[in-house]
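Each remark here refers to the structure printed beneath this line.
The values are calculated or read from the model by the stated rules, or taken from the named source; none is laboratory data. Since the model is a prediction, treat every value here as computed from it, not as a measurement. Methodologically, a virtual Cβ is constructed for each residue, glycine included, from the backbone with ideal geometry; neighbour enumeration extends over all protein chains shown. Accessible surface areas use protein heavy atoms only, side chains included; no ligands, DNA or RNA. Shrake-Rupley method; radii C 1.70, N 1.55, O 1.52, S 1.80 Å.
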Amino acid sequence: DYKKTSNMYDKGIYRKYIKELSEIADCSFIDTIGHITYPERYMKEAGKEFIYEDFEEDFGALFEKMAKNKIALELNTSGLRQGLFHTMPKVELLELYKKFGGEYITIGSDSHEAKFVGGGIKETYKKAFEIGDFKVNQIRKKH
């Protein structure tokens, strides 16, 4: 419950979350890592601002591993319809992923209901390709 935690605690928990994602990126059988900004939604609901720049070094280490292991970054459009008004992660993190050599993305609407299937996909593809020439939704054989 982010309404009951301090900013210092929140940052520590989030750094631990990114570190755990980074450990997952070491696994050779992983194709995609998603929900990298999952806590942001709940921080916003508690009236707290999530500042990506505070975690740039942490994300950089994660993205470097993802690029090395050809792991796709999931862009989730659900934030566009759920009051965040941006994809998850934001475009700034997609730019950072690209900067660290990331080349694979997957885009999904995380709809949970039929009426939301595909919502924001077209706009997100457009925005992603303004940033770079990504390989999209490609299944790679790793074994």
Do any helices (runs of 4 or more DSSP H) lying entirely in region 1-77 carry at least 2 residues that are modelled with pLDDT of 90 or more and of a type in the set (A, V, I, L, M, F, W, C), and which ones are they? 7-24, 56-68
Within region 90-102, which residues are buried (at least 18 other Cβ atoms within 10 Å of the Cβ) and closer than 16 Å to V136 by Cα? L94, Y97, K98, G102
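Does E23 count as touching a residue at least 12 places away in the same chain (Cβ under 8 Å) and either open to solvent by 80 Å² or more (accessible area, probe 1.4 Å) or within 15 Å of K90 (Cα to Cα) (or both)?
no
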Restricting region 26-59 to residues that are basic (K, R) and closer than 15 Å to P89 by Cβ, the one least open to solvent (accessible area, probe 1.4 Å) turns out to be R41
